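Down below is the structure, laid out as structure tokens.
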Amino acid sequence: MAWLSKGLVLEVAPPNPALHGAWYTASAIAVQDTHAYLEYKGLLQNEDDVHSRELRERVPHRLLRPTPPK
């Protein structure tokens with residue numbers, strides 16, 4: 001995807017059908033041909049641990065979109 005680059009803030013659709021229509025904010029840490037490695041904003045790896053870092057995961061490009069204009 002031409003618009004997708006490292007450091008870009010974007011939105012991610014969860015692959016879970018129960019969460020259809022939800023979009024989460026994340027930053028691209030690394031971009032590959034078909035996937036991006038992301039760090040979510042406000043979603044923790046372990047929500048029960050206040051010292052947990054933000055969730056990171058590999059996501060296919062088809063679940064990503066640019067953030068809306070301000």
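Details
- Filter result for A2 (part of a loop (DSSP other than H, G, I, E, B), among the aliphatic types (A, V, I, L, M) and open to solvent by 40 Å² or more (accessible area, probe 1.4 Å)): yes
- Condition broken by E47, with the remaining ones in (1) part of a loop (DSSP other than H, G, I, E, B); (2) loosely packed, with under 10 Cβ neighbours inside 10 Å; (3) modelled with pLDDT of 85 or more satisfied: (3)
- Residues within the stretch 50-66 that are modelled with pLDDT of 90 or more and of a type in the set (A, V, I, L, M), tallied: 3
- Qualifying residues in the stretch 8-27 (those that are in contact with a helix residue (DSSP H, G or I) (Cβ under 7 Å, 6 or more places away or on another chain) and of a type in the set (A, V, I, L, M)) - the one surrounded by the fewest Cβ atoms within 10 Å (Cβ to Cβ): A13
The values are calculated or read from the model by the stated rules, or taken from the named source; none is laboratory data. Given the structure is predicted, the values throughout are model-derived calculations rather than measurements. Quick reminder, even Gly has a Cβ in these numbers, built from the backbone with ideal geometry, and neighbours come from all protein chains shown. Areas reflect the complete protein model, heavy atoms only, side chains present, ligands, DNA and RNA absent. Shrake-Rupley method; radii C 1.70, N 1.55, O 1.52, S 1.80 Å.
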